1. Inspect all residues belonging to segment 193-206 and state whether any of them is more than 16 Å from the ligand (Cβ to nearest atom), in the same structural domain as residue 136 (by TED's automatic domain parsing), at pLDDT below 90 and under 17 Å from residue 121 (Cβ atoms).
2. Could you list all residues from segment 12-66 that are β-branched (Val, Ile, Thr) and either at pLDDT 90 or above or within 24 Å of residue 88 (Cα to Cα) (or both)?
3. Any chance segment 39-47 includes a residue that's more than 45 Å from the chain's Cα centre (by Cα), without any contact (Cβ under 8 Å) to a residue 24 or more places away in the chain and part of a loop (DSSP other than H, G, I, E, B)?
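The values are calculated or read from the model by the stated rules, or taken from the named source; none is laboratory data. Just so you know, these numbers come straight off a predicted model, no measurement behind them. Counting neighbours? That spans all protein chains shown, and the Cβs are built from the backbone with ideal geometry, glycine included.
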Amino acid sequence: MGKFSFWPELASNFAWEVDALYIFIGLICLVFGLGVFLAVIAFALKYKRKSDDEIPEQIEGNLPLEIFWSIVPLGISLVIFAWGAVLFFKMSTPPAEALNFSVVGKQWMWKVQHPEGKREINELHIPIGQPIKLTMTSEDVLHSFYIPAFRTKMDAVPGRYTTSWFEATKAGEYHIFCTEYCGLEHSRMIGKVVVMEPAQYAQWLKNGNVAVASVAGDEPPEVVGARLFEEQRCVTCHQTNGVLGPMLAGVFGHNVKLQSGETIVADETYVRESIMNPTAKIVAGFQPLMPTYQGQLSEDQIIQLIAYIKSLSKNDGQAQAEHRVENEG
Ligand code: CUA
């Protein structure tokens, strides 16, 4: 693909793109730095004082020169800006067909759940050539999920969902680091990404992971979420006739009209807020009756509830079901 073959790791779709911008900026610094360095030497030699009473000729501005040295750096910085912005938007917009993994940071480990339900700690097994979307949050303090070989890094923020995506392009094992100081064992909050051929990955999903066999519940998050929905009695108000609380089928990913007259899109963050702080955004036509679930659900359980609510939206639900069939087949 016209990439340097001596370049060490081109492990993801973003690796070369990020590097190219980085090298471009590096080269600009080099060219200008060198230019200044050489000019200093040349001028020092050329304008060296030749006698004690020598008085230099005074120069009063030079408009064309000033315009030149204003326009050129402006142009260069706009190129850097545009290039960076395009790449930024690309990196923050996961494709629709991406597999959604959830990542929860916790002092001091990374908990990962695959869309099929399999869980891992400090490891992330993924298939090659498949866009992977990570939806992450934190159970305690700020962490940051960094895969240097993929050139992707995203903060895991308590009380909020952030996303990051990539497509691995080379099989192998790569480091995961936490890059936000998060307490005593921050430096040991590390792990590895294992990139496998799709067939191998399917095999791995089937065989289970001996190392974390003790991690309970390898069920799909939406299945556990459906159970929680019963256990936590969400069902009382949200699944009867929609008098006490809004019905949740077909809500996720769509517009919701609020009491305040505002319209918002029901995304992960909105659903999470509605569970933890139900009176923050009341749906039009309903009373603020719902109690808060703050402190009663773990981050994992909230993610599972959201997965269930997501699966109630028709298209998403189909996609999830199809996905499961694919992986069982
Ligand atoms: Cu988690 Cu640093």
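1. Among the residues of segment 193-206, at least one is more than 16 Å from the ligand (Cβ to nearest atom), in the same structural domain as residue 136 (by TED's automatic domain parsing), at pLDDT below 90 and under 17 Å from residue 121 (Cβ atoms), which makes the answer yes.
2. 18, 23, 25, 28, 31, 36, 40, 41, listed by residue number.
3. Yes.
The rows are residues; the columns are (1) without any contact (Cβ under 8 Å) to a residue 60 or more places away in the chain; (2) surrounded by fewer than 18 Cβ atoms within 10 Å (Cβ to Cβ); (3) in contact with a helix residue (DSSP H, G or I) (Cβ under 7 Å, 6 or more places away or on another chain).
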| residue | (1), (2), (3) |
| --- | --- |
| 104 | no, no, yes |
| 117 | no, no, yes |
| 127 | no, no, yes |
| 135 | no, no, yes |
| 148 | yes, yes, no |
| 164 | no, no, no |
| 173 | yes, yes, no |
| 181 | yes, yes, no |
| 191 | no, no, no |
